[in-house]
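The values are calculated or read from the model by the stated rules, or taken from the named source; none is laboratory data. A quick note: this is a predicted structure, and the numbers were derived from the prediction, not measured. For neighbour counting, all protein chains shown are included, and Cβ atoms are generated from backbone atoms with ideal geometry for every residue, glycine included. Side chains included, ligands, DNA and RNA excluded: accessible areas come from the protein's heavy atoms. Shrake-Rupley method; radii C 1.70, N 1.55, O 1.52, S 1.80 Å.
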Amino acid sequence: MAKIGILVGSSNNNLKLAQEFNKIIIEKNLECEIINLVDYNLPLYSTNEEEKNGIPESVLDLATKIMDLKAFIIIAPEYNGVMPPVLNNAMAWTSRSTTNWRDAFDNKIVALATHSGGGGQKGLQAMRIMFQHLGANILAREIITNYEKSLNRSSAEAMIDTLVKLANA
């Protein structure tokens with residue numbers, strides 16, 4: 001099995017959730033890489049920014065990492081009823097940095113998860129719409145945790161097992 005990527009759109013509870021997934025993946029003797037999009041500190045995407053300064057080297061690094069992976073877990077908080085700006089911005093830059101804007105996610109297997117102070121469902125729906133538009137195959141199973149509801153390990157394991165099975169198909 002190829003490495004599973006975990007794209008994280010926050011540095012707090014969603015990063016902690018990513019680390020929990022990472023631990024389970026490693027226990028399954030699989031390779032995993034956590035990619036925290038916050039750490040890239042990308043400029044806000046706009047055509048003016050791209051024309052003025054080009055594609056940042058950090059975006060090219062991110063796009064290369066994403067393109068080298070076949071399966072992902074995207075973990076990000078719900079932010080005002082949608083996904084956080086850092087995730088949307090990173091995907092805007094990534095889609096602009098490849099030959100074909102869908103290259104990074106086309107036919108990749110993607111699972112979605114969130115730790116949310118609110119419901120989380122709207123954020124997952126927004127992520128589902130974006131990653132489907134980018135050509136990814138999104139798992140039906142989603143994971144939502146919050147301050148009162150911790151990660152259900154059996155659900156996480158089932159998600160990872162399905163991700164691996166489909167990525168190896």
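Before moving on, here are some points about what is shown:
- Of all DSSP-defined beta bridges confined to the chain, some 5% are antiparallel rather than parallel.
- Using alpha-carbon coordinates, inclination of helix 85-97 to the longest axis of the chain, degrees: 60 degrees
- Among Ser46, Ser95, the order of accessible area from largest down is Ser46, Ser95, computed with a 1.4 Å probe on protein heavy atoms.
- Region 70-142: mean projected area of Cα convex hull, nm²: 4.4 nm²
- When only Cα pairs below 8 angstrom with a gap of at least 6 residues are kept, the chain shows a relative contact order of 24 percent.
- Probe 1.4 Å - accessible area at Met91, Å² to nearest ten: 10 Å²
- Accessible surface for region 1-116, divided over its residues, is 47 Å² per residue with a 1.4 Å probe.
- Between the Cα long axis of helix 121-133 and the first principal axis of the chain there is an angle of about 50°, rounded to the nearest 10.
- Protection-proxy order for peptides 144-154, 112-122, each taking the mean of Cβ atoms within 10 Å per residue, highest first: 112-122, 144-154
- Taking all pairs of distinct alpha-carbon atoms in the chain, Kirkwood radius in angstrom: 15.9 Å
- Estimated from the Cβ-Cβ distance and a Förster radius of 35 angstrom, the FRET efficiency linking Glu27 and His133 is about 0.60.
- Sulfur and carbon atoms: percent of accessible area, the chain [1.4 Å]: 46 percent
- Greater than 27 Å apart at Cα, pairs in Lys108/Lys149; Lys70/Lys149; Lys23/Lys108: Lys108/Lys149; Lys70/Lys149
- Over all distinct Cα-Cα pairs of region 105-152, the Kirkwood formula returns a hydrodynamic radius of 11.2 Å.
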